[in-house]
Amino acid sequence: MSIQNVEIIKLPKIIDDRGNLTFLEESNHIPFAIERVYWIYDVPGGEIRGGHAYHELYEVIIALSGSFDVVVDNGTEKKTYHLNRSYFGLFVPKLIWRQLENFSTNSLCLIAASSKYQESDYIRDYDTFQSLEKV
Ligand code: TYD
């Protein structure tokens, strides 16, 4: 997989009559080391999360439960990914504007990220994002 591109990652799914199981390992399934995991939940209907990009951070977004849309934008092209299975992760590299929306009731969004929380890594202004060189 290319570290530059947004991509769906299909995670292992161990099917079992007792309940299915999925996992992710940082060097085997995703192209970065995980320094932080956070999750978004109890999202009221119609709310939007995200709406920013990162200078350096890489992430994988997973709909552990329910569904939502991730709208990604590389500065020239926008694409919407509908996540609704816990064995798919959406890899989002740095310098991609992303927004999470259309959350279903009781959805749970897990994000594995390549660095700790650092406000200085956020690009929260769309015009600033557009003006940056995307390398
Ligand atoms: P933010 O990343 O802006 O949320 P979203 O992109 O989902 O809309 O974060 C919202 C607030 O939470 C912000 O004040 C920073 C804080 N925060 C942390 O303290 N640690 C974290 O790991 C994250 C993701 C956010």
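Here are some notes:
- Cα-based shape type of region 6-55, given that a ≥ b ≥ c are square roots of the gyration tensor eigenvalues and the cut on a/c is 1.5: oblate
- Which of TYR38, VAL72, SER86, positive extreme of dipole for region 34-86 (C-beta unit charges): SER86
- Total lysine pairs under 27 Å (Cα atoms) in the chain, excluding pairs fewer than 8 apart on one chain: 15
- Applying both filters, DSSP loop and at most 12 other Cβ atoms within 10 Å, to the GluC sites (Glu not before Pro) of region 47-135 gives GLU47, GLU56, GLU77, GLU133.
- 4 °C / 1.567 mPa s Stokes-Einstein diffusion coefficient of the chain, Kirkwood radius on C-alpha pairs, µm²/s: 84
- Distant-in-sequence amide H partners of GLY66 (H built 1.01 Å from N, under 5 Å): LEU108
- Taking all pairs of distinct alpha-carbon atoms in region 71-124, Kirkwood radius in angstrom: 13.0
- Entry note, the chain: relative contact order of 34 percent, from Cα contacts under 8 Å with a spacing of 6+ residues.
- In the elastic network of the chain, a GNM with C-alpha springs shorter than 10 Å, the most mobile of VAL60, VAL92, VAL37 is VAL37.
Read the figures in this text as sums done on the coordinates, not as results from a lab. Bear in mind that the values here come from a model prediction, so they are computed numbers and not experimental data. Neighbour counts are summed over all protein chains in view; Cβ atoms, including those assigned to glycine, are modelled from backbone coordinates with ideal geometry.
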